[in-house]
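For reference, the structure discussed in these notes is given below.
The values are calculated or read from the model by the stated rules, or taken from the named source; none is laboratory data. Bear in mind the structure is a predicted one, so any value in this text is a computation, not a measurement. As a convention, Cβ positions derive from the backbone with ideal geometry for all residues, glycine included, and neighbour counts pool all protein chains shown. The accessibility values were calculated without ligands, DNA or RNA, using every heavy atom of the protein model including side chains. Shrake-Rupley method; radii C 1.70, N 1.55, O 1.52, S 1.80 Å.
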Amino acid sequence: MQDEPGRLRALQRFVFKDHSDDPALHALTSLVRDVLGVDVCGVSLLDGDRQFFHAKSSPGTAEALPRVHAPCDHAIRSRDVLIIPDAREDHRLSDNPLVTGEPHIRSYAGAPLTTPDGYNLGALCVLGASPRLFQADEIALLQRFAGLVINQLELRTLAQRDCLTGCLSRRAFLELAEAALRGRAADGAGSALLLFDLDHFKAINDTHGHPAGDQVLRSVGAAVAAIMRKGDLFGRIGGEEFGILLTDVDTAGAHSIADRIRLAISALGQPTCLPVSTSIGLTPASGGMDLSLLLERADEALYRAKRNGRNRVEMA
């Protein structure tokens with residue numbers, strides 16, 4: 001497969017969590033199922049080692065499976081729709097446990113979900129418990145629906161990204177942080193929440209105008225994004241205030257990352273003669289803790305950092 005690292009980066013840009021709460025995608029899979037008369041339709045996406053359904057027509061279908069067993073792993077290796085009339089007679093799937101055992105897949109069709117820059121994220125796939133020959137008009141219809149899925153993913157991406165800095169929007173950050181904290185309750189892994197804003201940012205806007213202020217925000221967004229690790233969440237809360245949820249980190253490690261962020265922002269070359277610095281509030285975030293409480297603690301630490309001289313990190 002060509003440029004798998006690039007494909008995975010594209011997947012991360014388009015999809016922020018495994019499962020979609022987008023009613024449009026769920027409605028679309030139900031429509032495709034009914035129009036084509038198949039047993040199951042799903043929007044399948046593939047990361048490094050597994051396939052997961054971002055949306056599907058049948059709630060009972062397995063949410064995820066190893067990529068090595070995923071029929072859609074074959075579909076994303078081509079621009080064309082993959083058609084398998086009878087999986088028992090296809091060398092790629094004949095010994096697949098999904099064919100030899102439950103759910104006893106027989107027919108399969110998968111239209112690649114191709115991004116505008118050419119990466120196949122997964123497939124809009126349909127599955128049947130009986131062998132089937134798909135007709136040309138059915139294949140064309142599946143391709144058109146796959147285009148609608150990509151359009152919907154693009155719309156969701158735009159809604160979840162702050163258009164100026166490229167980080168998560170406020171709503172997306174809060175939703176994903178809350179979900180991540182619920183997940184952390186099960187595995188007990190350490191997390192930390194950071195809130196930071198730019199010191200004396202109003203002076204930049206007042207002295208040099210909002211275009212200069214916007215350039216500062218873009219530079220800050222890029223600098224912080226370069227420090228983030230896989231699994232971290234970075235969002236713009238509003239104005240010049242940002243939030244970060246660090247995952248798989250202890251308190252000392254979180255403080256170290258926060259200080260790296262502070263130093264990176266202080267080192268930025270700006271289109272103004274005014275220095276740029278940031279004050280950061282940090283609080284440990286145990287799995288299952290209420291996000292609103294964590295935000296309150298981090299906010300208190302942030303304002304203590306400002307009272308104590310700015311351009312510093314304070315722990316809640």
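Determine whether Asp49 is more than 23 Å from the chain's Cα centre (by Cα), open to solvent by 70 Å² or more (accessible area, probe 1.4 Å) and of a type outside the set (A, V, I, L, M, F, W, C). Before the answer, list the steps.
Working: more than 23 Å from the chain's Cα centre (by Cα): no; open to solvent by 70 Å² or more (accessible area, probe 1.4 Å): yes; of a type outside the set (A, V, I, L, M, F, W, C): yes.
No: the conditions fail for Asp49.
Of the conditions (1) at pLDDT below 95; (2) not in a helix (DSSP H, G or I), Thr283 clears all except one; give me its number.
For Thr283, the exception is condition (1).
Go through segment 144-173 and give me each residue that's open to solvent by 30 Å² or more (accessible area, probe 1.4 Å), among the hydrophobic types (A, V, I, L, M, F, W, C) and assigned to a loop (DSSP other than H, G, I, E, B).
Cys163, Leu164
Specify the residue that is surrounded by the most Cβ atoms within 10 Å (Cβ to Cβ); the eligible residues are those in segment 83-110 that are touching a residue at least 24 places away in the same chain (Cβ under 8 Å) and either among the aromatic types (Phe, Trp, Tyr) or in contact with a Phe, Trp or Tyr (Cβ under 7 Å, 6 or more places away or on another chain) (or both).
Tyr108
For Leu268, which of the numbered conditions (1) at pLDDT below 90; (2) surrounded by fewer than 20 Cβ atoms within 10 Å (Cβ to Cβ); (3) under 21 Å from Val15 (Cβ atoms) fails to hold?
Failing condition for Leu268: (3).
Which members of segment 209-263 meet the condition of being small (Gly, Ala, Ser), over 20 Å from Ala172 (Cβ atoms), surrounded by 14 or more Cβ atoms within 10 Å (Cβ to Cβ) and free of Cβ contacts under 8 Å to residues at least 60 places away in the same chain?
Matches in segment 209-263: Gly213, Ser219, Ala223.
Return a yes/no flag: does segment 120-143 have any residue that is β-branched (Val, Ile, Thr), crowded, with 21+ Cβ neighbours inside 10 Å and over 30 Å from Ala285 (Cβ atoms).
Within segment 120-143, one or more residues are β-branched (Val, Ile, Thr), crowded, with 21+ Cβ neighbours inside 10 Å and over 30 Å from Ala285 (Cβ atoms).
A quick yes/no check of all residues on (1) farther than 15 Å from Ala180 by Cβ; (2) of a type outside the set (D, E, K, R):
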| site | (1), (2) |
| --- | --- |
| Met228 | no, yes |
| Val249 | no, yes |
| Ala252 | yes, yes |
| Pro284 | no, yes |
| Glu296 | yes, no |
| Gly309 | yes, yes |
| Arg312 | yes, no |
| Met315 | yes, yes |
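Taking segment 26-37, which residues are surrounded by fewer than 23 Cβ atoms within 10 Å (Cβ to Cβ), in contact (Cβ under 8 Å) with a residue 60 or more places away in the chain and either among the hydroxyl-bearing types (Ser, Thr, Tyr) or under 18 Å from Ala75 (Cβ atoms) (or both)?
Leu28, Arg33, Leu36, listed by residue number.
Evaluate segment 271-278: report whether one residue or more is within 18 Å of Arg161 (Cβ to Cβ) and surrounded by 18 or more Cβ atoms within 10 Å (Cβ to Cβ).
no
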